[in-house]
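Worksheet for the structure shown next.
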Amino acid sequence: MTKADQLSTALDDFLAISPEVEAAAVVSADGLPMASALPPHVEEDRLAAMSAALLTLGERAASELGKGGLAEVFIEGPKGHVILMAAGRDCVLVCVTARGAKVGLVLFEMRRIAERVTKVMDDADAPIAFDVVPGSPAPANGDGDSPLGGAVGNGDSTLGGAVGNGDSALGGAVGNGDSTLGGAVPATPVASWQ
């Protein structure tokens with residue numbers, strides 16, 4: 001079984017035992033969807049990009065306020081919750097719940113699934129079979145003009161500048177950019193975050 005299959009199975013298990021969870025996804029730290037169980041009205045790429053932006057801001061806040069590493073981000077709204085939880089070094093488990101969800105139980109189950117995700121991603125022997133756009137070798141960290149180019153850094157691409165600067169569909173979601181989500185979070189140069 002590939003890593004993608006294992007992640008999808010973990011998400012399906014999570015949804016089966018947590019009926020108040022409306023959507024769940026595993027997202028890379030740079031905003032790429034790895035696996036998801038989403039209703040039709042939720043766009044996988046948009047959820048992944050927003051999750052990466054929230055994760056980046058949460059990590060920065062926790063670090064600058066001297067609270068250590070980020071464990072989770074919890075957002076409560078009148079119609080439910082959005083919860084992001086670290087799942088290993090490079091992944092995030094994202095959960096969207098209905099209003100009135102038993103948050104303690106959801107968090108308990110998320111921790112279990114996050115541990116499974118961590119084990120899957122740390123398994124060097126399991127084959128990787130994530131969707132990759134053919135003919136698009138791209139630097140995930142750095143500059144580039146491709147579907148993955150500049151995901152962290154600068155780039156003119158589908159995810160260019162998702163954290164940083166870019167002119168793209170998601171460019172500048174955190175940082176500067178001319179895009180659909182550009183400037184969604186007040187622009188702060190990436191260099192000053194370090």
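What is the number of the single condition among (1) touching a helix residue (DSSP H, G or I) at 6+ places or on another chain (Cβ under 8 Å); (2) more than 21 Å from Ser18 (Cβ to Cβ) that Ile83 does not meet?
With respect to (1) touching a helix residue (DSSP H, G or I) at 6+ places or on another chain (Cβ under 8 Å); (2) more than 21 Å from Ser18 (Cβ to Cβ), Ile83 is out only on (2).
Under 6 Å by Cβ, and 6 or more places apart or on different chains, what pairs join a residue from the stretch 4-27 that is on the phi < 0 side of the Ramachandran plot with one that is open to solvent by less than 50 Å² (accessible area, probe 1.4 Å) and hydroxyl-bearing (Ser, Thr, Tyr)?
Filtered contacts from the stretch 4-27: Glu20/Thr97; Val21/Thr97; Ala25/Ser36; Val27/Ser51.
Mind checking which residues of the stretch 1-19 are open to solvent by 50 Å² or more (accessible area, probe 1.4 Å) and not polar (S, T, N, Q)?
Hits for the stretch 1-19 are Met1, Asp5, Asp12, Asp13, Ala16, Ile17, Pro19.
How many residues are in contact with a helix residue (DSSP H, G or I) (Cβ under 8 Å, 6 or more places away or on another chain) and either open to solvent by less than 10 Å² (accessible area, probe 1.4 Å) or farther than 18 Å from Leu38 by Cβ (or both) if we restrict to the stretch 92-111?
Total meeting the criteria: 6.
In the set Gly31, Gly66, which member is on the phi > 0 side of the Ramachandran plot and either buried (at least 21 other Cβ atoms within 10 Å of the Cβ) or β-branched (Val, Ile, Thr) (or both)? So that I can check it myself, show each step before the final result.
Details: Gly66 fails: either buried (at least 21 other Cβ atoms within 10 Å of the Cβ) or β-branched (Val, Ile, Thr) (or both).
So the residue among Gly31, Gly66 that is on the phi > 0 side of the Ramachandran plot and either buried (at least 21 other Cβ atoms within 10 Å of the Cβ) or β-branched (Val, Ile, Thr) (or both) is Gly31.
The values are calculated or read from the model by the stated rules, or taken from the named source; none is laboratory data. Remember, predicted model here, so these are calculated numbers, not experimental data. All Cβ positions, glycine included, derive from the backbone under ideal geometry; neighbour counts span all protein chains shown. Keep in mind that these areas ignore ligands, DNA and RNA; they rest on the heavy atoms of the full protein, side chains included. Shrake-Rupley method; radii C 1.70, N 1.55, O 1.52, S 1.80 Å.
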